[in-house]
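What follows is a short report on a single structure.
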Amino acid sequence: MARSRDLPLDRDGSARFLPWLVALMVYLAALTIAGGAALHDAVQTWDAGLAGTLTVELPRGTNGAGVPQDRIDATLKLLGQIPGVAQATRLDGPAETRLLAPWLGQDVDVQALPLPVLIDVQLKPGVSLDADTLAQRLRIVAPGTTVESHGSWLDRLFRIARLVQFGAAAIVLLIGLVAVITVIFTTRTGLAIHAPVVELVHLIGASDAYVARQFQWHAFRLGLGGGGIGLVMTLVSFAALKWTAQQGLLPGETALLPALHLPLAGWIAVLALPLVMGLVGLATARHTVLRTLGRMP
């Protein structure tokens, strides 16, 4: 539907920088949302990978001697007799290499390192074993054995992730507040510049709502256009990061942190930002114009 434009808002220099400011805010908000969503996805991946698992550690001798094979066999046999244990597997050289790769690199010779023997224990679905109780049973056949349940580590990880996500949400809200303030300032400036024209259209019978509609759709177009620019900047940044990772210039799947992939909800939030910014501009401009005109005699 066509809308008449009695106010020359497109030739108004007061709003020339608004699209670029909106583009920057959309870019920062998109990166923040992407980081928070990717972190949530990564934590869920870690949780799924570690849930229902235990790690049994058999220490080496005090003189640096390796763990006797009969002690390893006895530990594996005992684990196989414990109800709730689905599988117990000793980590071999390649598995230990992958485990240590984020810290020592792929070329490390794990056989030359004084490492303890690690046994990966998979629990049956729905089964939970107390790590301390299991360790006490295993020490009967292998003194000094320890059991790590990953539960405390995952709890700390979840707490940190929640704090980071809360911070990301606060940043996005702050960016939205800055956008509102920017639109208010721009709209008030436009009203001041076009005050004679506004008075003229009032004299010929135009209502405050009519004037507000012109400002609100002008702000919507600027917000949507600036948001589109910010979205393009975001997609280019994502593509650059993906290309950099594919070239091996960033840590990949074997890194200390797993490769972060933006989930569907994150993509939806990022792609919706230009429309959200346009609607924020529309609502803010309309409210500002109506409130300002309502105070005029």
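The values are calculated or read from the model by the stated rules, or taken from the named source; none is laboratory data. The structure displayed is predicted, hence computed values, not measured ones. Reconstructed Cβ throughout: ideal geometry from the backbone, glycine too, with neighbour counts over all protein chains shown.
Do any residues in the range 124-139 that are modelled with pLDDT of 85 or more have Cβ atoms under 7 Å from those of residues that are assigned to a loop (DSSP other than H, G, I, E, B), where the two are at least six apart or on different chains, and which pairs are they?
Filtered contacts from the range 124-139: 135/145; 138/145; 139/145.
Can you work out which of the residues in the range 142-159 that are of a type in the set (A, V, I, L, M, F, W, C) and part of a helix (DSSP H, G or I) is farthest from residue 118 (Cα to Cα)?
Let us first name the residues in the range 142-159 that are of a type in the set (A, V, I, L, M, F, W, C), namely 142, 147, 153-154, 157-158.
Imposing the further condition that a residue be part of a helix (DSSP H, G or I) reduces the set to 153-154, 157-158.
Working: 153: 18, 154: 19, 157: 23, 158: 25 Å.
Per the criteria, the residue is 158.
Please count how many residues of the range 79-109 are more than 26 Å from residue 153 (Cα to Cα) and either touching a Cys at 6+ places or on another chain (Cβ under 9 Å) or modelled with pLDDT of 85 or more (or both).
Going through the range 79-109 one residue at a time, the tally reaches 1.
What pairs come out if I take residues in the range 180-201 that are farther than 22 Å from residue 21 by Cα and pair them with residues that are aromatic (Phe, Trp, Tyr) and surrounded by fewer than 20 Cβ atoms within 10 Å (Cβ to Cβ) whose C-beta lies under 9 Å away, six or more apart or interchain?
201/210
Of the conditions (1) part of a helix (DSSP H, G or I); (2) touching a residue at least 40 places away in the same chain (Cβ under 8 Å), residue 120 satisfies every one except a single condition; which number is it?
So residue 120 meets the others, but not (1).
Of everything in the range 220-239 that's modelled with pLDDT of 90 or more and aliphatic (A, V, I, L, M), which residue is surrounded by the most Cβ atoms within 10 Å (Cβ to Cβ)?
222
So is residue 162 farther than 30 Å from residue 22 by Cα, modelled with pLDDT of 85 or more and part of a helix (DSSP H, G or I) or not? Give the derivation first.
Details: farther than 30 Å from residue 22 by Cα: no; modelled with pLDDT of 85 or more: yes; part of a helix (DSSP H, G or I): yes.
No: the conditions fail for residue 162.
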